[in-house]
1. Which residues, if any, in region C:136-150 lose at least 30 square angstrom of accessible heavy-atom surface (probe 1.4 Å) when the other protein chains sit next to their chain rather than the chain being alone?
2. At a cut-off of 30 Å², which residues of region A:45-61 become less accessible once all protein chains are present than in their chain alone, using a 1.4 Å probe?
3. Ballpark to the nearest 100 Å², how much total accessible area do C and A bury together, probe 1.4 Å?
4. Looking at region A:66-141, I'd like the Rg to Rh ratio, where Rg is from alpha-carbon atoms and Rh is Kirkwood's inverse mean 1/r.
5. Which of the lysines could a cross-linker span from residue B:223 if the Cα-Cα distance has to be under 18 Å and same-chain partners fewer than 8 positions apart are dropped?
6. In whole percent, and with a 1.4 Å probe on the protein chains, what portion of the accessible area of the protein assembly as shown is carbon and sulfur?
7. In region A:157-222, which trypsin sites (Lys or Arg not before Pro) are in a loop and have at most 15 other Cβ atoms within 10 Å, using DSSP for the loop call?
8. Specify whether the C-alpha gyration tensor of chain C places it in the rounded, prolate or oblate class, a ≥ b ≥ c being the square roots of the eigenvalues: rounded for a/c under 1.5, otherwise prolate if a/b is larger than b/c and oblate if not.
Amino acid sequence: MLWLLVFYIVALVLLLMTSLWQQDVFTAEIVRHWTLSNYDKLFTGQGGLWLRIYGRTVLLATIVTLIDIALAFPLAWFMARIVSPKWRTLMFLAVVVPLWSSILVRIFAWRTILGGQGLLNQFLVDTGLLSHGSSAFLYNDRAIAITWAYVWLPFMILPLFTALEKIPHSYLEASRDLGAGALTTFRRVILPLAFPGVVAGSIFVFSLTMGDFVAPQLVGGGSQVLGGAIKDRFGVAADFPFGAALASLTLVTLVVFLTITRRTGALENV
Amino acid sequence: MKRRSSMKRRAREAALVVVGVVALALFVASCGSSNDNSNTSSVKGPDINAKGEGQLNIVNWEGYTDPSFVKGFEKETGCKVNDTFAGTSDEMFTKFRSGGGGQYDLASFSGDASLRAIKSGTVAQLDMSKLTNWKDLAPQLQSPAFNTQNGKHYGLSFTWGANVLIYNADKIKQNLDSWNVLYDPKYKGKITVPDNPIQIADPALQFFGASDPYSIDPATLDKVKAKLKQQRPLVRKYWVLATDFDQLFKSGDATIGAGWPLMTNDLRKAGMNVKEVIPKEGVTGWSDSWMLSNKAKHPICAYKYMNYTSRPDIQVKIADVTGYSPPNQKACPLLGAQRCNDLHVTDKHYYDTIKYWETPTKPTNYRQWTDAWAEVRG
Amino acid sequence: MTSSRAERWIFGGTSALVLVFLYLPLGLIVLYAFNKTNINSWPFPGFSTQWFDKLLHDPVPKEAAWLSIRIALASTALALLLGTSMAFAFARYRFFGREVVNFTVTLPIILPGVITGVALASFFLFTNTELSTRTVIIGHTTFCIVLVFNNVLARLRRLSPSFEEASRDLGASGLQTFRYVTLPSIRTALIAGALLSLALSFDEIAVTFFLAGADTTTLPLWILGAFRNSQSLPEVNAVATVILLISLPVIALATYLMREEGGTRIIEE
């Protein structure tokens, strides 16, 4: 019963070990001599290139997570506490439905929206905000962030909605009775109770953005992110051990992130 | 008290599990065998008149398994073609070797992967007697160094072409003839170039006088890297898929770029007015070969496909789709004099001016190129 | 419960904008599925149903979709089996390595697909295992298990074991107890886990990319390939539209099924 999990862990450990080996440039054979050269390259090599890529990815992941929290909250609140139960189910459906359409096609659609002659530019030109289409929206980090924020948004809405739905109405009434204004109630009652939902959503969004390689390739420009760099090293620019080192760095980052969030007890909300 | 002992227990559990798992992983790693370099001297190809195995797995460049000619093949031979595309030779090579080899029967390796394939023992020697159109290929393509070693043939030459300069003639009115335009701030934000480390050879050839742009010393590599870094802010997007290039041009996001004749073809079919140029500083290019896996599961179908795609009439169809130059000289009359000329099918002199992709090994090797390219992209 | 009009308007307005954001790309996809040309340019070139026509006569995406369904079903079945038994072991027993398992069991879903993908691909490379549908199923099962495990475990934790005890006391065998007492009470958790698992597996690209063999073209892989071919591009929009249409009744059914239980515990952490 546990064999699949063991197999998975062994594969991860194997990946870590591969990062300590090297790959022959010409024949692509893995040479099993233990060495730290991949990590040397990762942390000090090429003028800090890989650390920059790592930093860029973490920054983008953080920004996207924050954007999604900001977007998800009003919608989740509206769904959980303002609308009637019938509408609640309908809106829940509405949030889930996009997930059932191909993620690749949804990402690809952003080219049509953000392109030089795309929807956004046409809108800005028509409303007079721009004189002609701008190339600032597509094929750069901004486009990747927007696309990521879009794709993973339902994963933030759903746990937040679940958490907000569970807040007993009596708490809010009590808080008001005790004289707290809306802001205070939000800060001291709602936020702490919603926190597990925010954390759960953040884990998904942060992790998924750290590893994605599809959006960067389809709507990104020149700069690389971790997911793409890892994929490249296992494919177009074969250097499995270095790719494994990059993957290990990602793995450690996410495990640390996961451990911290588990400590907050956010995942024990059963 | 209870918490501390339970924490200790957890730590001990974790440690034991880790030890066990690492031991398992080491065991798995040690049992992985390396590739057997079994280059058998016997070159007996299969019976190409026998019935095919019913399936054929190919990894290749876009356009080499187009339905316009693959459908005919499947009908004729009953071999169903599964095709997978690769964006770079590295990717093709990696895919070809995955799972111990045998995943794919055929690959269309360019000159920069073909030697790696031969050296690593993943491709089989070909029985040229079974390749019926071989003798009709242009003489320089029958036994070229990139697929024939010591008289042993490991590949059947397929199409070839140059990495050309393509631009939107409606937006750019003058006639361009120099690669300099791709580094000109005048075209900032409208340029697209391939996302491929092998591109390093282009500036090496065109601006730094490297007669063999695949054998460049570290100093030249650094100079090329600097020049490419200068170009970086001008590039709209580094295209990965052939359709990326097409879309960039169609949406107006790019008006000039380095691409393949395949793109010129596609864009013209879509009604765009594009010009294709061989700039004066020289061009790199590719010369592809069909190569057969040592562990191919469908060798009969593979040989049949190689024969099929090297037939003159099919070569014409392939040229229709890709715009690349076919190797079979007998395709010339079918193409008509104009096209035969345009594609330089019988022009050995022209063929020799192109610097075909090779795997850089020394003084700088491909990994160094890949790292340099990663730095350029940032 | 009442909320002020101001609240309704502010939150309602913002929510509407967010929903527009969520549906804009979907709207575009459906719109361009009816594109007259194969160029995704704006403004919209004009209407035509040619791509649905093409799709109807094109066997390749249909085969890819069928393969994706088969993989999703297999992975979900395995996940239900393994995930449920693991959840039971967890809820009812203490065993060696329990805490480690508790942590690692979430890894396949927490870690991005690229890491799972390259790790398993390396494993298969070292063991000279050929990549095929089987390897893809293995890859998918690793994260599908978590979905079932989490949902079932969350439910089990809320159920009192006294029901099972009572059943046993009244003379029912283990199997009968499972069938008549336990299974009904975890039914919706199983459904939730299974649905999520099916959805994730069907549309999965990252892990599949590294584990697919030459003839393992799942629907997402076909779509990725179609992106490379300017002829197939609009057909992709048609495919996405069809998937959407087919899944709408399925999700609706699932949502109503689970709302009945009171509370939508789709993602039970």
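1. C:138, C:142
2. The answer is A:46, A:49.
3. Values: alone 16740 and 15730 Å², together 24360 Å².
Roughly 8100 Å² of accessible surface disappears when C and A pair.
4. Values: Rg = 16.7 Å, Rh = 15.1 Å.
In region A:66-141, Rg relative to Rh is 1.11.
5. By straight Cα distance, residue B:223 reaches B:362.
6. Numbers: 22230 of 36070 Å².
Of the solvent-accessible surface of the protein assembly as shown, carbon and sulfur hold 62 percent.
7. Values: sites: A:166, A:176, A:187, A:188; in loops: A:166.
Here the sparse-neighbourhood loop sites are A:166.
8. Working: a/c = 2.24, a/b = 1.39, b/c = 1.61.
Oblate.
The values are calculated or read from the model by the stated rules, or taken from the named source; none is laboratory data. Because the structure is predicted, anything quoted here is derived from the model rather than measured. A quick note on method: Cβ atoms are made from the backbone with ideal geometry, for glycine too, and the neighbour counts reach across all protein chains shown. What goes into the accessible areas is simple: the full protein's heavy atoms, side chains included, and nothing from ligands, DNA or RNA. Shrake-Rupley method; radii C 1.70, N 1.55, O 1.52, S 1.80 Å.
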